[in-house]
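Okay, so here's the structure we're looking at.
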Amino acid sequence: MFIVFEGVEGSGKSTQIRLVAESLRACGIEPVVTREPGGTAAGEAIRAVALDPDLHVDAVAELLLMLAARSVFVREVVRPALAAGRVVLSDRYELSTFAYQGGGRSLPMDKVKELNAVATGGLRPDLCILLDVDVEHGRARGRWSATDRIEGEERSFHERVARSYRDLARSEPDVALIEGRGEIQDVFAAVWEALATSFPETFPPRGC
Ligand code: T5A
């Protein structure tokens, strides 16, 4: 099973992945916890280039870097894990590309999706948990750093990303839009409920 967590910067993806992973372990399931761009040696090297604030990377180059990392990620991490029957929890996947490169950078969405499908070979998540947090709220959580080129983009860029995510929640299949602004444990309860509604055998409604 392939579960992806998405949202703007500081939306709480890593926090919720950690809580879901802990609850799965309590049920005797050891998930594969991974992230994009990254998750492989090549992917982490590509991430370092893509997010380096000292490098000039234009929008198309940025898209192709994300997709290069994704191609390796799908073939080396996700497909083998799914073939072994594992639960994969990923911090970001293709919705990030649609929201950041399609929405934020205003690249043509149909081309972005076409190229993404080449990178993924058509592998879609079983469920995407989209944590809905507005840009200022995510920013106020204080992890925004000058060491990440994309995080350091102007506010209007991040507003376009946030708008694009909300549009994608309506247009893409298998996306659960979760209010991300509450207390961490309340957000987690909503995340678990969404997972339990779709896959009650793996994510028991009352936990383990
Ligand atoms: N990118 C990526 C693209 O442009 N295209 C692509 O195709 C892909 C795959 C990756 C960058 O690459 C871009 C997008 C990004 O700019 P990243 O590491 O995913 O970077 O970056 P972030 O999303 O910025 O990661 P963060 O770690 O900042 O955000 P998270 O994981 O969403 O948030 P988290 O859980 O670390 O929480 C942030 C802080 O808030 C607190 C946490 O304790 C933490 O301190 N927090 C809460 N506080 C109060 N209430 C809650 N409910 C909270 N939840 C978390």
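The values are calculated or read from the model by the stated rules, or taken from the named source; none is laboratory data. Keep in mind that what you see is a predicted model, and the values were worked out from it rather than measured. We place every Cβ from the backbone using ideal geometry, glycine too, and count neighbours over all the protein chains shown.
Considered as a group, the residues in region 96-136 that are within 16 Å of E62 (Cβ to Cβ) and aliphatic (A, V, I, L, M) include one that is nearest to the chain's Cα centre (by Cα), and that residue is A99.
Residues in region 28-44 that are more than 18 Å from T97 (Cα to Cα) and either of a type in the set (K, R) or out of contact with any helix residue (DSSP H, G or I) (no Cβ under 8 Å at 6 or more places or on another chain) (or both): 3 in all. Only one of the listed residues (A99, A169) is part of a helix (DSSP H, G or I) and in contact with a Ser or Thr (Cβ under 7 Å, 6 or more places away or on another chain). That residue is A99. For beta carbons closer than 8 Å, sequence separation of 6+ or different chains, a first residue in region 85-103 that is closer than 14 Å to L123 by Cα and touching a residue at least 12 places away in the same chain (Cβ under 8 Å) and a second that is assigned to a helix (DSSP H, G or I) and hydrophobic (A, V, I, L, M, F, W, C), the qualifying pairs are V88/V77; V88/V78; V88/A81; V88/L82; S90/V78; L95/L168. Give V112, V33, V72 a once-over and let me know the one that is more than 11 Å from the ligand (Cβ to nearest atom), of a type in the set (A, V, I, L, M) and either assigned to a helix (DSSP H, G or I) or in contact with an Asp or Glu (Cβ under 7 Å, 6 or more places away or on another chain) (or both). Of V112, V33, V72, the one residue that is more than 11 Å from the ligand (Cβ to nearest atom), of a type in the set (A, V, I, L, M) and either assigned to a helix (DSSP H, G or I) or in contact with an Asp or Glu (Cβ under 7 Å, 6 or more places away or on another chain) (or both) is V72. The condition of being at pLDDT 95 or above, near the ligand (Cβ under 7 Å from one of its atoms) and crowded, with 17+ Cβ neighbours inside 10 Å holds for only one of G7, G43, G38, that being G7.
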